[in-house]
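Peer 1: Structure below; questions to follow.
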Amino acid sequence: MALSQLLSSSSRSGNRLKSLSSAISLRHPISTDTTPITVETSVPFTSHQCEVPSRTVQTNAKELLTFFRDMALMRRMEIAADSLYKAKLIRGFCHLYDGQEAVAVGMEAAITKKDSIITAYRDHCTFIARGGTLLEVFAELMGRQAGCSRGKGGSMHFYKKDSNFYGGHGIVGAQVPLGCGLAFAQKYCKDEAVTFALYGDGAANQGQLFEALNISALWDLPAILVCENNHYGMGTAEWRAAKSPAYYKRGDYVPGLKVDGMDVLAVKQACTFAKEHALKNGPIILEMDTYRYHGHSMSDPGSTYRTRDEITGVRQERDPVERIRKLILSHDLATEKELKDTEKEVRKEVDDAIAQAKENPVPDSSELFTNVYAKGLGVESFGADRKEVRATLP
Amino acid sequence: MLGIVRQKMLEQSLKKIRPAVAVLRSYSSAAKQMNVREALNSALNEEMSADSKVFLIGEEVGEYQGAYKITKGLLDKYGTERVLDTPITEAGFAGIAVGAAYYGLKPVVEFMTFNFSMQAIDHIINSAAKSNYMSAGQISVPIVFRGPNGAAAGVGAQHSQCYAAWYATCPGLKVLTPYNSEDARGLLKAAIRDPDPVVFLENELLYGESFPISNEVLDSSFCLPIGKAKIERKGKHVTIAAYSKMVGYSLKAAEILEKDGIDAEVINLRSIRPLDRSTINDSVRKTNRLVTVEEAFPQHGVGAEICACVVEESFAYLDAPVERIAGADVPMPYAANLERMAVPQVEDIVRAAKRACYRSVP
């Protein structure tokens, strides 16, 4: 403990100390140093109908190194999923989140597992942030038993109820009223918790969103609507889809905040602010200005509606993982080598999980008929040829 | 002393059945009677009393006492936290209710009529029905969607459709169609207690109809099994399978048929999904002839499913082709004479039964 404090205050102490510390760091890559560090967010927040949270954020080495590791893990996971999809081990739809990691990680840092999260189909990293494992992710993507939905859901239907993660939804916009319903239930049960309902700039124009927002505002529900604005709804740029792309203002009577979604500390600050607001005053909208490097899904190259220059530009200027790397290095919280070692570690974790998932069996045929109902009442169900395949639902 | 104790015990038991007693007072007949509206209201009341997770949500369910007065008195009793008036935004409030069910509450969503459920159908099918399966059992959805379904009187094309076949297609949903007050009480209580999404299809024209009701049905623990049809009238010459209002018409048809020496067995389906295929098939194996009756559009309907299942399971037992009586294959007209032609009448059921019995030229 004393050693790490020495490190953070004067990293220029002798080479021997440095090599000793790096030896220790290899075995304990996450620093346990919780000495507060003050950082400013990349840009100030912009608000609509509410006060602006401070752009000065408190953090510490432990938190920043955890952020780095978590985001590096998510990044690696999504890129590995890309390869698996091209190898045809993942089928159907696969919507990747690389570029947007700061939203999932920053949000999680601001809340507890008592708070609920619901999102759309770009859900792999949100699931990990809520405590899901890499094996559960890869096994589900490959349709195996060890998947978080036992192989029956697929990429768009990850859930983790014990961490209050409610999916994983394929119908654009549907998750927003569902999220307001979760908030309703939290208020009904007096749980003193909030729900984050995430949606994209494409979903922001859905009518049901405004219906749910109206009811949430009328009933003061602790609902936080988070628009992950990656500027493209599939292939349609925001300015072609929304008359007013200022999504944080679209709530009209509902306050909103615009946040740099590529800055994990800004995300954390905004979510902390939003949680406090929602518990006292009802719904609030957070617009996360973020970016996805991949196309909408694996079937979309992502370059027909935006330029490669734009993509590389964001990667150079705003990448969330790089931002934290620079922050860690500039504050001497770890060395470049330590960070690279962390990345190697997470890469190995991802590779190990994939190997394990590949060995995992596909669901048993009987699983075709399980979970149709929570209480099947002994009812009959049928396969394609009902004279051949029948089952009794338990 | 004993007399006082006995008096007190009598008072206690009277207090428990007071709602039913109030009902009894309004009817002068000796047999206990209850109309469907009161049956539904009492079921909601009892289930809300028994389980604090049950809440009501819908348009006009609270202060207006319910568009059809089904939720009368419940706002006063349970307050604004448990009886929620919504704006006219079906997609929004149905989605909110499903989300609340994900969390573990037990919403009872009222659609003013099921025609309006189409605005929320994505939440019923994709958010509610399929969630337990997609999540491999993590997210169950203990929700009830209830309201009047099918034709009323003179309400025209957009307010008269029957949705039984649409919802019954979907695995993961349970679809119930009560006919009388016993059905209304028993099935609604079962639906609210059931951990799966239930679509509960009532009928506006039945709300005011009174039916005899036993003490067993009035008990607060009374519940009917989901997925079991009821033989309303035993017979041996022809099976008539119907649901909701058409059960009443089928019973009237059976009385007429009896005069012509045809003894009809009338099945009250009660449950469209799960469909009680074994009761239907057992009946057809006994009578060898089948007429299906529904108010809904004929194509891809409940009658078609019943016919298919009987042909698959009991083909050798059929002595005549299956007859299908359904609503006319047109949007519901307004003019009274055309409307009458657009819904099945008792004489249609009689005629079809006679055809099935070869008593008239097909």
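The values are calculated or read from the model by the stated rules, or taken from the named source; none is laboratory data. Because the structure is a prediction, the values reported are computed rather than measured. No Cβ is skipped: glycine too gets one built from the backbone with ideal geometry, and neighbour counts run over all protein chains shown. Protein only, heavy atoms only, side chains kept; ligands, DNA and RNA dropped before computing areas. Shrake-Rupley method; radii C 1.70, N 1.55, O 1.52, S 1.80 Å.
Peer 1: For A:Ile328, work out the one condition from (1) over 24 Å from A:Val137 (Cα atoms); (2) out of contact with any helix residue (DSSP H, G or I) (no Cβ under 8 Å at 6 or more places or on another chain) it doesn't fulfil.
Peer 2: It is condition (2) that A:Ile328 fails.
Peer 1: Select from the range B:326-345 the residues that are touching a helix residue (DSSP H, G or I) at 6+ places or on another chain (Cβ under 8 Å), free of Cβ contacts under 8 Å to residues at least 40 places away in the same chain and either charged (D, E, K, R) or under 19 Å from B:Leu251 (Cα atoms) (or both) and list them in ascending order.
Peer 2: B:Ala326
Peer 1: Sort out for me the strands (runs of 3 or more DSSP E) sitting completely within the range A:20-131 that have 1 or more residues that are open to solvent by 10 Å² or more (accessible area, probe 1.4 Å) and either within 30 Å of A:Lys187 (Cβ to Cβ) or assigned by the TED database to the domain that holds A:Phe184 (or both).
Peer 2: Answer list for the range A:20-131: A:37-40, A:46-48, A:56-59.
Peer 1: Taking only pairs six or more apart or across chains, which ones have beta-carbon atoms under 6 Å, a first residue in the range B:113-140 that is modelled with pLDDT under 95 and among the polar types (S, T, N, Q), and a second residue that is assigned to a helix (DSSP H, G or I) and surrounded by fewer than 21 Cβ atoms within 10 Å (Cβ to Cβ)?
Peer 2: Qualifying pairs under 6 Å: none.
Peer 1: Does the range A:132-142 contain any residue that is surrounded by fewer than 24 Cβ atoms within 10 Å (Cβ to Cβ), without any contact (Cβ under 8 Å) to a residue 24 or more places away in the chain, more than 8 Å from chain B (Cβ to nearest Cβ) and among the acidic types (Asp, Glu)?
Peer 2: Yes, the range A:132-142 contains a residue that is surrounded by fewer than 24 Cβ atoms within 10 Å (Cβ to Cβ), without any contact (Cβ under 8 Å) to a residue 24 or more places away in the chain, more than 8 Å from chain B (Cβ to nearest Cβ) and among the acidic types (Asp, Glu).
Peer 1: Turning to a different aspect of this structure: Could you go through the range B:166-188 and let me know if any residue there is within 11 Å of chain A (Cβ to nearest Cβ) and either charged (D, E, K, R) or part of a helix (DSSP H, G or I) (or both). Lay out the reasoning, then the answer.
Peer 2: Start the filter on the range B:166-188 by keeping residues that are within 11 Å of chain A (Cβ to nearest Cβ), which leaves B:170-174.
Adding the requirement that they be either charged (D, E, K, R) or part of a helix (DSSP H, G or I) (or both) leaves B:174.
Yes, some residue in the range B:166-188 is within 11 Å of chain A (Cβ to nearest Cβ) and either charged (D, E, K, R) or part of a helix (DSSP H, G or I) (or both).
Peer 1: Can you tell me which residue in the range A:230-263 is least open to solvent (accessible area, probe 1.4 Å), limited to those that are outside any helix (DSSP H, G or I) and among the aromatic types (Phe, Trp, Tyr)?
Peer 2: A:Tyr232
Peer 1: Going residue by residue through the range A:335-350, is there one that turns out to be at pLDDT 95 or above, touching a Leu at 6+ places or on another chain (Cβ under 9 Å), aliphatic (A, V, I, L, M) and open to solvent by 20 Å² or more (accessible area, probe 1.4 Å)?
Peer 2: No - not one qualifying residue is present in the range A:335-350.
Peer 1: Here's a follow-up. What do you reckon, is A:Arg144 basic (Lys, Arg) and over 22 Å from A:Arg292 (Cα atoms)?
Peer 2: Numbers: basic (Lys, Arg): yes; over 22 Å from A:Arg292 (Cα atoms): yes.
So A:Arg144 fits the description; yes.
Peer 1: Moving on. Check the range A:297-308 and report whether any residue there is within 14 Å of chain B (Cβ to nearest Cβ), crowded, with 18+ Cβ neighbours inside 10 Å and polar (S, T, N, Q).
Peer 2: Checking the range A:297-308: not a single residue is within 14 Å of chain B (Cβ to nearest Cβ), crowded, with 18+ Cβ neighbours inside 10 Å and polar (S, T, N, Q).
Peer 1: In the range B:198-233, which residues are of a type in the set (Phe, Trp, Tyr) and within 29 Å of B:Ala94 (Cβ to Cβ)? Can you show your working first?
Peer 2: Filtering the range B:198-233 for residues of a type in the set (Phe, Trp, Tyr) gives B:200, B:207, B:211, B:222.
The answer is B:Phe200, B:Tyr207, B:Phe222.
Peer 1: With B:Gly156, B:Gly208 as the choices, which residue is out of contact with any Lys or Arg (no Cβ under 9 Å at 6 or more places or on another chain), touching a residue at least 24 places away in the same chain (Cβ under 8 Å) and surrounded by fewer than 24 Cβ atoms within 10 Å (Cβ to Cβ)?
Peer 2: Matching residue, one of B:Gly156, B:Gly208: B:Gly156.
Peer 1: B:Phe297 is checked against (1) outside any helix (DSSP H, G or I); (2) open to solvent by less than 40 Å² (accessible area, probe 1.4 Å); (3) away from chain A (no Cβ under 14 Å) and fails just one. What number does that condition carry?
Peer 2: Only one criterion in (1) outside any helix (DSSP H, G or I); (2) open to solvent by less than 40 Å² (accessible area, probe 1.4 Å); (3) away from chain A (no Cβ under 14 Å) is unmet by B:Phe297, namely (2).
Peer 1: A follow-up question, please. Using the structure shown, decide if A:Ser149 is at the interface with another protein chain (Cβ under 8 Å from one of its Cβ atoms), in contact with an Asp or Glu (Cβ under 8 Å, 6 or more places away or on another chain) and not in a strand (DSSP E or B).
Peer 2: yes
Peer 1: Moving on. Can you find, within the range A:172-229, the residue that is nearest to the other protein chains (Cβ to nearest Cβ) among those that are part of a strand (DSSP E or B) and of a type in the set (Val, Ile, Thr)?
Peer 2: Across the range A:172-229, the extreme among qualifying residues is A:Thr195.
Peer 1: Let me ask something else about it. Give the residue that is farthest from the chain's Cα centre (by Cα), with candidates limited to residues of the range A:285-296 that are open to solvent by less than 10 Å² (accessible area, probe 1.4 Å) and within 15 Å of A:Lys268 (Cα to Cα).
Peer 2: A:Ile285
Peer 1: Where residues in the range A:152-167 are more than 7 Å from chain B (Cβ to nearest Cβ) and surrounded by fewer than 21 Cβ atoms within 10 Å (Cβ to Cβ), which of them is nearest to A:Phe369 (Cα to Cα)?
Peer 2: Filtering the range A:152-167 for residues that are more than 7 Å from chain B (Cβ to nearest Cβ) and surrounded by fewer than 21 Cβ atoms within 10 Å (Cβ to Cβ), the one nearest to A:Phe369 (Cα to Cα) comes out as A:Asp162.
Peer 1: Enumerate the pairs (first residue in the range A:371-394 and in a loop (DSSP other than H, G, I, E, B); second residue anywhere and among the polar types (S, T, N, Q)) with beta-carbon separation below 6 Å, excluding pairs fewer than 6 apart on the same chain, so at least 6 apart or on different chains.
Peer 2: What qualifies is A:Asn371/B:Asn132; A:Ala374/B:Asn132; A:Ala374/B:Ser140; A:Gly378/A:Thr392.
Peer 1: Scan the range B:213-230 and report the pairs whose first residue is more than 12 Å from chain A (Cβ to nearest Cβ) and whose second residue is at pLDDT 95 or above and assigned to a loop (DSSP other than H, G, I, E, B), with Cβ atoms within less than 6 Å and a gap of 6+ or a chain change.
Peer 2: B:Ala229/B:Leu269; B:Ala229/B:Arg270; B:Ala229/B:Asp276; B:Lys230/B:Arg270
Peer 1: Quick one: in the range B:70-106, which of the residues that are more than 8 Å from every other protein chain (Cβ to nearest Cβ) and in contact (Cβ under 8 Å) with a residue 40 or more places away in the chain is farthest from B:Asn45 (Cα to Cα)?
Peer 2: B:Lys106
Peer 1: Kindly indicate whether A:Leu327 is of a type outside the set (Phe, Trp, Tyr), more than 14 Å from chain B (Cβ to nearest Cβ) and touching a strand residue (DSSP E or B) at 6+ places or on another chain (Cβ under 9 Å).
Peer 2: Considered against the rule, which asks whether it is of a type outside the set (Phe, Trp, Tyr), more than 14 Å from chain B (Cβ to nearest Cβ) and touching a strand residue (DSSP E or B) at 6+ places or on another chain (Cβ under 9 Å), A:Leu327 comes out as yes.
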